[in-house]
Amino acid sequence: MSKNTVLTLVGSLRADSTNQKLAEAIQLNAPEQVEVVIHDSLGNIPFYNEDIDVEGQVPAAAEALRAAANNADTLLLVTPEHNGTVPASLKNAIDWLSRPFGAGALSGKPTAVVGTAFGQYGGVWAQDEARKAVGIAGAEVLEDVKLAVPGSMVRFAEVHPKDDAEVVEQIKGVFDALAAARTADAA
């Protein structure tokens, strides 16, 4: 049985990001048949511009993102909430992956959105906005895959998400939902 590759894009660019730590916890708790790959260069991708999205001019960082997404079975977006919505770096990645429209790396790709934020709802507005954007971009949005961890700055001030038993249990639920979606696609 081949491994299911889950490309993970983290919307926060901060070195000590709680969402980066959540992505690491997800990677550490992946089932044996799943390989979680965290793409770490969203900050190097220039803002989407159709003038440079032509053969021979596409920036290397954007090409690498598209290649990684094309090689993945599933995408997992891990997002904080910036002013009630998705961070620009993650939205920019979605824009690059959506092109060419109808045939981009997101086209038909099963995609889930999770995250953590300082507020009491764990960034659900940003997660909803990310689901909306990837859905419009052509992804198959996995609506049943949910994980929103509130109070991130306090909750993870002294403990890594990988050491938080409740978060680890929720991560297992994410993988169960991803597996269920993959099984449904195969049927």
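Coordinate-derived values only; no laboratory data. Small disclaimer: the values here were computed from a predicted structure and weren't measured. Here Cβ is always computed from backbone atoms with ideal geometry, including for glycine, and neighbour counts include all displayed protein chains.
How would the chain be classified by its alpha-carbon gyration tensor: rounded, prolate or oblate, with rounded meaning a/c under 1.5 and the a/b versus b/c comparison settling the rest? Here the chain falls in the oblate category. Of interest is the spacing of the C-alpha centroids, which for region 72-132 and region 1-24 amounts to 12 Å. Axis of helix 18-28 versus longest Cα principal axis of the chain: the two differ by about 90°, to the nearest ten degrees.
Relative to the dominant Cα principal axis of the chain, helix 165-186 is inclined by about 40°. Put a dot 7 Å past the Cα of residue 51, heading toward its Cβ, do the same for residue 121, and the two dots end up 3.8 nm apart. Computed across region 1-86, the Kirkwood radius stands at 14.2 Å (inverse of mean 1/r, all Cα pairs). The modelled label-to-label distance between residue 33 and residue 88, using points 7 Å beyond Cα along the C-beta direction, is 4.2 nm. Between the Cα long axis of helix 124-136 and the first principal axis of the chain there is an angle of about 30°, rounded to the nearest 10.
Can you tell me what share of the DSSP beta bridges in region 4-186 is antiparallel? A percent to the nearest 5 is fine. Show your work: numbers first, answer last.
Details: 1 of 20 bridges.
Among the beta bridges of region 4-186, antiparallel pairing accounts for roughly 5 percent.
Between residue 183 and residue 16, full extension at 0.36 nm per residue minus the direct alpha carbon distance yields a gain of 56.6 nm. The value of relative contact order for the chain, using C-alpha pairs under 8 Å at least six residues apart, is 23 percent.
Adding -39500 (n - 2.57) for every DSSP H run of four residues or longer, then dividing by how many residues the chain holds, sets the calculated 222 nm ellipticity at -12000 deg cm²/dmol.
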